[in-house]
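The values are calculated or read from the model by the stated rules, or taken from the named source; none is laboratory data. The shown structure was predicted, so the numbers you read here are calculated from the model rather than taken from an experiment. A quick note on method: Cβ atoms are made from the backbone with ideal geometry, for glycine too, and the neighbour counts reach across all protein chains shown.
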Amino acid sequence: MARILAIDYGKKRTGLAVTDELQIIASGLTTVPTKDLLTFLNDYCKNEQVETIVVGEPKRLHDEASDIEVDISRFLKKLDKVLPGIKVVRMDERFTSKMAFQSLIDSGLSKKKRQNKALLDEVSATIILQSYMDSRP
């Protein structure tokens, strides 16, 4: 089986998470500067077999698209050109940042470590990925 990769897209940084080859466990992968994201994904997919990329879909409470959706749409067009054979799925990411922050608190991280926004983005991507995995039949 191939891996599933999840993206928590941000203007500055993007959090990434990935499954194991059996698609059982979702784990944080890394956080990359968004300007380097396509290059990172292209290199990663050359070395690892990825069948699906799950991209967080930021929405407001009343199902309105978030402001960053314009940037994500542009990114998805570029992604399709760079990695045309990989299925892309969108997943609602409402509240993932709050859930990620709470999980960092619950894990016992110090206040200083919880302020690491890169770690927060990576945990958010992991939550998006786990939500996707849980939603599959």
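In this structure, ILE25 does satisfy being closer than 17 Å to MET133 by Cβ, surrounded by fewer than 17 Cβ atoms within 10 Å (Cβ to Cβ) and at pLDDT below 95.
Of all residues in the range 45-69, none that is on the phi > 0 side of the Ramachandran plot has its Cβ atom under 6 Å from the Cβ atom of a residue that is surrounded by fewer than 10 Cβ atoms within 10 Å (Cβ to Cβ), 6 or more apart or on another chain.
Here is a yes/no grid of residues against (1) assigned to a helix (DSSP H, G or I); (2) acidic (Asp, Glu); (3) surrounded by 15 or more Cβ atoms within 10 Å (Cβ to Cβ); (4) modelled with pLDDT of 95 or more:
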site: VAL54; (1), (2), (3), (4): no, no, yes, yes
site: VAL70; (1), (2), (3), (4): yes, no, no, no
site: ARG74; (1), (2), (3), (4): yes, no, no, yes
site: LEU79; (1), (2), (3), (4): yes, no, yes, yes
site: GLY85; (1), (2), (3), (4): no, no, no, no
site: VAL89; (1), (2), (3), (4): no, no, no, yes
site: ARG94; (1), (2), (3), (4): no, no, yes, no
site: GLN102; (1), (2), (3), (4): yes, no, no, no
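Is one or more of the residues making up the range 34-43 loosely packed, with under 14 Cβ neighbours inside 10 Å, over 16 Å from the mean Cα position of the chain (by Cα) and at pLDDT 95 or above?
Yes - at least one qualifying residue is present in the range 34-43.
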